[in-house]
Amino acid sequence: MNTDIGARYNPQAFYSEITASVTHELNNILGIIEQVAGLVEDLTVTTSEGETPMDNRMGEIAEKIIRQTDRGMKLVKRLNKFAHMGDVLSGECDLCDVVENLVALAQRFARLKGKSLRPEIPDDAVMVVINQVRFSEALFTCIKRVVALADAGATVTIKLVDSEYHASILISAPCAEHDPDISKQFQLPENLAQIVVRESESEGSIAVELIVNHTMG
Amino acid sequence: MNNDANTYKVLLVDDEEELVSTLVERLGYRNFAAEYALNATTALDMLRKTAYDVVVVDLKLPGISGNELVQIIRKAYPNIPVILMTGHGNDKFHDSAAPEDVSSLIQKPFDVSQLVTMMKKAIAEHEH
């Protein structure tokens, strides 16, 4: 797998990957709502005259529909926010917002690998000038790589920390076996961001750091 | 193999629990005794313990993928028909799924009657 972002930079492919994943999940949500609606129909049809079996099921069924509708609406809002990232080539934005949204959209990739993502985002805004599409692709590539290397069932933590001159996104996870070539796999264009592959302080973990200067174009 | 002459045993494999738990109930109204597994490992455990007439597998499963599970079932249980569920936008097989490994492909979202028809057809084809 070529994970050299500089060589493979292709916003269309990145957008395709994210939108395909999200629309798969939306299909699942619609599938659940369709089956729950069908169940209401089944219960109505199988009810004999004078019986009211729906009474004790209505609350449970309504909860399912509300839960799935809410899930779908949140997903559509996130996808819409993601789609609008390319409206401005480069501009000021809150990095917390960008990281939080991308991590949420990437959860399914981790879940399908039997792993999960945990964002740690500061309460205060982290304002930077970046190309959101390129930054997000870089972050997504790093997340996918760490997910691939992390131990089975691991939680991958994505921690955003701000400092005077730059913001740092540390992607870390338990990892019993290190990949000696990992630093070669995280080459990014110089004008995008600087990747520092940190040696783990403790054995059995992996940490990749994505650094964003506050005024990076 | 069946509970009675008109009931088929079906195993649904999908990590969307609200989908499969609802399908289990709906299939019960249609003479299918359905059970579900949320991942491939659990599905393989259930297959070892119960003789199912048909297995319905989602393509995207956490851990062992739907494709991998289909291939394992094909080798270990060649007489059980498998139907593949997918949320993919077109109806072609993709990734490593081989058309000969599965009886049919059903796209999400789907009507339960469509699934019932496919399962009956797949079971009938395997019985002959």
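The values are calculated or read from the model by the stated rules, or taken from the named source; none is laboratory data. Computed from a predicted model, the values in this text were never measured in an experiment. All Cβ positions, glycine included, derive from the backbone under ideal geometry; neighbour counts span all protein chains shown.
If you go through segment A:91-119 and pick out every residue that is within 14 Å of chain B (Cβ to nearest Cβ), free of Cβ contacts under 8 Å to residues at least 24 places away in the same chain and not polar (S, T, N, Q), you end up with 2. Evaluation of A:VAL128 against the conditions (1) outside any helix (DSSP H, G or I); (2) surrounded by fewer than 18 Cβ atoms within 10 Å (Cβ to Cβ) shows that the sole unmet condition is (2). Please verify whether segment A:140-158 includes one or more residues that are touching a Leu at 6+ places or on another chain (Cβ under 6 Å) and of a type in the set (Gly, Ala, Ser). Checking segment A:140-158: not a single residue is touching a Leu at 6+ places or on another chain (Cβ under 6 Å) and of a type in the set (Gly, Ala, Ser). If you go through segment A:91-125 and pick out every residue that is of a type in the set (A, V, I, L, M) and in a loop (DSSP other than H, G, I, E, B), you end up with 2. I'd like to check something: does segment A:101-109 contain any residue that is surrounded by 22 or more Cβ atoms within 10 Å (Cβ to Cβ) and out of contact with any Ser or Thr (no Cβ under 9 Å at 6 or more places or on another chain)? Looking through segment A:101-109, at least one residue is surrounded by 22 or more Cβ atoms within 10 Å (Cβ to Cβ) and out of contact with any Ser or Thr (no Cβ under 9 Å at 6 or more places or on another chain). On inspection, A:ILE143 does not qualify as outside any loop (DSSP other than H, G, I, E, B) and without any contact (Cβ under 8 Å) to a residue 40 or more places away in the chain. On the basis of being within 14 Å of another protein chain (Cβ to nearest Cβ) and in contact with a Cys (Cβ under 8 Å, 6 or more places away or on another chain), does A:ALA150 make the cut? Spelling it out, A:ALA150 is indeed within 14 Å of another protein chain (Cβ to nearest Cβ) and in contact with a Cys (Cβ under 8 Å, 6 or more places away or on another chain). Return a yes/no flag: does segment B:15-35 have any residue that is modelled with pLDDT under 95, at positive phi, within 12 Å of chain A (Cβ to nearest Cβ) and outside any helix (DSSP H, G or I). No.
Taking the criterion of being of a type outside the set (A, V, I, L, M), surrounded by 22 or more Cβ atoms within 10 Å (Cβ to Cβ) and free of Cβ contacts under 8 Å to residues at least 60 places away in the same chain, would at least one residue in segment B:24-35 satisfy it? No, segment B:24-35 contains no residue that is of a type outside the set (A, V, I, L, M), surrounded by 22 or more Cβ atoms within 10 Å (Cβ to Cβ) and free of Cβ contacts under 8 Å to residues at least 60 places away in the same chain.
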